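Only one structure is covered here, and it is reproduced in the block below.
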Amino acid sequence: MSRLVKIQPTVQQVANAISTVLNIETLILDENLKIIAGTGQYQERIGTYEAESRYVEEFLYKYLLRVGGTYVVDDIKDPLYGPTEWISGEKGEICCTISYHEKHIGIISLVAFTEEQYNHLIDNQFSICNYLKNMATLLSSYLENIDHVRDLNVQS
């Protein structure tokens, strides 16, 4: 079981907070590309796997899980974004990896479905990427605290 699945209610709270602040749909995946949390249309897909998980090829999410960092998709024709049959109204996306002990354990993704959302993402990509990095750090810190409390209980 992935680390993010173990804290799913907290992961969902983070997704809700991000979506509320930025007014954009949020998707949080684990390292297996399982949808752990989401807002909007992604909320009904929680517990399922993202389409990329069925492909051997490395597209956006697998790439990020391998290299880490953030990625801005300002053109949905970006070859890393994936096959065009996946695109169902997306205009753009910003993704950020969630890392824990130097291992990439998940991805936070913001998906723009309207021109207004797309323009907001692209015009504010620097601050949004920083915000996502902070949210990813928050989740990692939460996992760290859980592990610390578990270790303290074992020592008692």
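The values are calculated or read from the model by the stated rules, or taken from the named source; none is laboratory data. All figures in this text were calculated on a predicted structure; none of them were measured in a lab. Note that we place each Cβ from the backbone using ideal geometry, even for glycine, and neighbour counts take in every protein chain shown. The protein model used for the area step is the full one, side chains on, heavy atoms only, and it has no ligands, DNA or RNA in it. Shrake-Rupley method; radii C 1.70, N 1.55, O 1.52, S 1.80 Å.
Taking the Cβ-Cβ separation of D74 and V5 as r and a Förster radius of 41 Å, what is the calculated FRET efficiency to the nearest 0.05?
Approximately 0.85, to the nearest 0.05.
Each peptide in 38-49, 59-70 receives the mean, over its residues, of other Cβ atoms within 10 Å, and ordering these scores from highest gives 59-70, 38-49. Taking the 1.4 Å solvent-accessible surface of the chain as the whole, the part contributed by carbon and sulfur is 51%.
Within the same chain, lysines fewer than 8 places from K77 are excluded, and of the rest, those with a Cα less than 16 Å from its Cα are K91. In the chain, the calculated helix contribution to ellipticity at 222 nm averages -13500 deg cm²/dmol per residue, counting -39,500 (n - 2.57) for every DSSP H run with n ≥ 4. Packing-based ranking of 105-113, 121-129 yields 105-113, 121-129, ordered from highest to lowest mean Cβ neighbour count within 10 Å. Pairs of Cα atoms under 8 Å, at least six residues apart: use those to get the relative contact order of the chain, whole percent. Answer for the chain is 20 percent.
Rounded to a whole number of µm²/s, how large is the Stokes-Einstein D of the chain at 25 °C and 0.890 mPa s, given Rh as the Kirkwood radius over C-alpha pairs? In µm²/s, the coefficient is 155.
Sorting 19-32, 132-145 by average packing, meaning the other beta carbons within 10 Å per residue, from highest down gives 19-32, 132-145. By the rule of a C-alpha distance below 14 Å, with chain neighbours fewer than 8 residues away ignored, the aspartates and glutamates paired with K34 are E44, E50, E52. Using a Förster distance of 22 angstrom, determine the FRET efficiency expected from the C-beta separation of R54 and E90, and round it to 0.05. That pair, R54 with E90, gives E of 0.75.
Dipole magnitude for the chain: about 520 debye, using +1 per Lys or Arg Cβ and -1 per Asp or Glu Cβ, origin at the Cα centre. Think of a 1.4 Å ball rolled over the protein heavy atoms: the chain then has 53 Å² of accessible area per residue.
Basic side chains Lys and Arg get +1 at the Cβ, acidic Asp and Glu get -1 at the Cβ, and with that the dipole of segment 86-144 about its Cα centre reaches some 180 debye.
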